[in-house]
Amino acid sequence: MNNEIIVSGMRPTGSLHLGNYFGALINWIQLQDEYKCLFFVADWHALTTGYEDTTNINNNITELIVDWLSAGLDPEKCIIFMQSSVKEHAELHLLLSMITPLSWLYRCPTYKDQIAQLKDKNIANYGFLGYPCLMSADILLYKAKYVPVGEDQLPHLELTREIARRFNYLYGEVFPEPQPKLTEAKVLPGTDGRKMSKSYGNTISFSDSPETIRKKVSMMITDPARIRKDDPGHPEICTVFAFHKVFNQDEVPEIEDACKGGKIGCVQCKRKLAEKMIEYLTPIYERRQKIIGNTKYIKEVVSHGNNEARKIAQKTLEEVRNAMKINWDAEV
Ligand code: TRP
Ligand code: SF4
């Protein structure tokens, strides 16, 4: 355990799916043993593209936190909190917005992509343009050394470093420059072979019961060349095989041979997989069932995390206000 600080957040979009888990959460769970970690629900960030309909946001927040806890984020080892409960995020965002050139925000690839992709949504708003500036505030507020993120977020981290540099240049050294922590992510496709994503309806999530998992696995796309059981297969193009690589590593060589040699049928291969997945996911599923009903516990975890996060945030903001001389009240 060392004292270097790690910060990361997720937008609350509902129950996590296995792509999110193997892509990000599993790394967080590992990092909590090695660093001083702060993990938060980025609910303000969810508003940047979802401000029109907020009916599900509170429910999504609960689901996300429950998933974190069920999967193994441990409030004794890391700080779990809500962005909107630590108001310092907003103040730092405002102060950083003063020194962030518009051109830096306009040139963000995520901004251009999303504006083009979400044509049906009106997101040409001030808040959405400022998304990466708010994210910079999230990170700098805790003087994070590392930020575990996916590759899509790297431009935001680059911007965070630029803002930190600009701040330090203008007002004196306050912020360290955070580095990305890219961990090797296991790639898990969706049940139809495309990228796993809610919008494709091809996800498997922590809230799926063993029965649902069996059903979803039985419907997975396999190698279309295998019509009869003894047809030679091509595991490298098969979704079921990609899942075996994650959930059933030991048997991968055996399955590969059997598939290529036409010695195993897809139905049997899927059954094997479903049982391995259920073995892995059942403890998480059971914890989830237990925690989801315990609102008091969930609230306590987050409220404790909010307090811990706030302590660090307040200290940083005091330094920031002093450096910027926005501290008339505090002056004696
Ligand atoms: N933008 C991140 C994402 O979509 C979520 C996020 C918000 C974040 N603030 C952050 C991640 C700060 C890391 C650090 O995945
Ligand atoms: Fe895929 Fe298994 Fe069928 Fe081979 S036997 S195509 S790996 S499901």
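The values are calculated or read from the model by the stated rules, or taken from the named source; none is laboratory data. This structure is a prediction, so every number in the text was calculated from the model and none was measured. Using ideal geometry, Cβ is built from the backbone for each residue, glycine included, and neighbour counts are taken over all protein chains shown. Heads up: the accessible areas ignore ligands, DNA and RNA and are worked out on the full protein's heavy atoms, side chains in. Shrake-Rupley method; radii C 1.70, N 1.55, O 1.52, S 1.80 Å.
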Which numbered condition in (1) within 19 Å of residue 89 (Cβ to Cβ); (2) open to solvent by 70 Å² or more (accessible area, probe 1.4 Å) is the only one that residue 325 fails? (1)
State all residues of the range 135-159 that are open to solvent by 10 Å² or more (accessible area, probe 1.4 Å), part of a helix (DSSP H, G or I) and near ligand 1 (Cβ under 10 Å from one of its atoms); if no residue qualifies, say none. 135, 152, 153
Suppose we filter 201, 172 for residues that are open to solvent by less than 40 Å² (accessible area, probe 1.4 Å) and not assigned by TED's automatic domain parsing to the domain that holds residue 241; which single one remains? 172
Filter the range 8-46 for residues that are within 12 Å of ligand 1 (Cβ to nearest atom) and of a type in the set (A, V, I, L, M); which is nearest to residue 305 (Cα to Cα)? 38
Output the qualifying pairs, or none if there are none: Cβ atoms under 6 angstrom, residues six or more apart or on different chains, first residue in the range 45-62 and closer than 17 Å to residue 118 by Cβ, second residue open to solvent by 40 Å² or more (accessible area, probe 1.4 Å) and not in a helix (DSSP H, G or I). 45/11; 46/11
Candidates 191, 222, filtered to the one that is among the β-branched types (Val, Ile, Thr), in a loop (DSSP other than H, G, I, E, B) and in contact with a Lys or Arg (Cβ under 6 Å, 6 or more places away or on another chain): 191
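More than 19 Å from residue 19 (Cβ to Cβ) and either part of a helix (DSSP H, G or I) or at pLDDT below 95 (or both): is that true of residue 216 in this structure?
no
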Residue that is in contact with a Pro (Cβ under 8 Å, 6 or more places away or on another chain) and over 20 Å from residue 110 (Cβ atoms), where the choices are 3, 60: 60
